[in-house]
Amino acid sequence: MPQIKSSPCFLTPTQIRPDFPLFIFLPGMDGTGQLLRCQTAGLERGFDIRCLAIPPDDLTGWDELTEKVINLIEAELKKTNRKSVYLCGESFGGCLAMKVAVKAPWLFDKIILVNPASSISRRPWMYAAIPLTQWVPNSFYQLGSLIGLPVLAAMGRIAPSDRQALVQAVQIVPQKTSIWRLSLLRDFQIHPSQLRRITQPVLLIGSGSDRLLPSVSEVEYLLEHFPNAKMTILPDSGHACLLETDVNLYEILRENDFLPESDRQKQKMFSAAS
């Protein structure tokens, strides 16, 4: 696993493709950016991919983290003349993606939110126990993280090597950092009026078998407030759906007419030829 620097940075999981649209992935609670691994081979057909990596000891708040992500994206755009940027956030990263999009909407052409964890702030019973986790001994915390994996992911739908990657990602986050990121989710706030100002196409992806969060009802809620959004449900998927063997994010984008224009033209030519 590549070493994460002392401040948030972008990892490039595949070869650099400066002529392709930029695909920015904001990860879940692990913050490693490594759990997009199942999807990069497909996505690189049409995108130049960057995964945000947040250091395990990073305890910055929403505002500072949002600014850092925007600065990283602007730095990437200065390297080339391209203008097309896709923003994709999963779980915790879905909340961060909304913060980033509200702060700098002009940067993005399309936005993808996968099981966004924004529901926690509106469900007091879900975050009431967050302050109690600081009193759990670290050894029990690590054990509990592993025991809770079947809640986080549909383990039977994930290949063995990717299960191991998930275990490593969970273990890399210290207890103090995990508590901090949970507190950020608890305090996450975006008013519906702010979402209504996001006019770019938004694709909302929810897992129908999410045992961690009510992701389907959350994407339904967000669908009401984004003015240009569509929703797709993965009926058998768990919360960490992008690790699942049968989930292909590139194909989901294609099915929802969410690919870059050049890729859509290729798809039409291929369909006509066949």
Selection over the range 154-186 where residues are charged (D, E, K, R) and in contact with a helix residue (DSSP H, G or I) (Cβ under 7 Å, 6 or more places away or on another chain) yields a count of 4
Matching residues in the range 220-262 - criterion: being touching a residue at least 40 places away in the same chain (Cβ under 8 Å), among the acidic types (Asp, Glu) and part of a loop (DSSP other than H, G, I, E, B): 236, 244, 246
With respect to residue 22, determine if the residue is within 18 Å of residue 168 (Cβ to Cβ), crowded, with 21+ Cβ neighbours inside 10 Å, touching a residue at least 24 places away in the same chain (Cβ under 8 Å) and not small (Gly, Ala, Ser). no
Among the residues of the range 103-120 satisfying the criterion of being out of contact with any Asp or Glu (no Cβ under 7 Å at 6 or more places or on another chain) and part of a helix (DSSP H, G or I), which is surrounded by the most Cβ atoms within 10 Å (Cβ to Cβ)? 117
Considering each of 209, 217 in turn, give the residue that is part of a helix (DSSP H, G or I), over 26 Å from residue 59 (Cβ atoms), small (Gly, Ala, Ser) and under 18 Å from the mean Cα position of the chain (by Cα). 217
Residue satisfying condition, being under 20 Å from residue 187 (Cβ atoms), acidic (Asp, Glu) and surrounded by fewer than 20 Cβ atoms within 10 Å (Cβ to Cβ), within set 64, 90, 44: 64
Can residue 57 be described as in contact (Cβ under 8 Å) with a residue 60 or more places away in the chain, surrounded by fewer than 24 Cβ atoms within 10 Å (Cβ to Cβ) and of a type in the set (Asp, Glu)? yes
Against the condition at pLDDT 80 or above, of a type outside the set (Lys, Arg), touching a strand residue (DSSP E or B) at 6+ places or on another chain (Cβ under 8 Å) and surrounded by 16 or more Cβ atoms within 10 Å (Cβ to Cβ), how does residue 183 come out, does it pass? no
Residue list for the range 149-166, restricted to those being aliphatic (A, V, I, L, M), part of a helix (DSSP H, G or I) and modelled with pLDDT of 85 or more: 155, 165, 166
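The values are calculated or read from the model by the stated rules, or taken from the named source; none is laboratory data. Predicted model, so just to flag it, every value in this text is computed and none were measured. We place every Cβ from the backbone using ideal geometry, glycine too, and count neighbours over all the protein chains shown.
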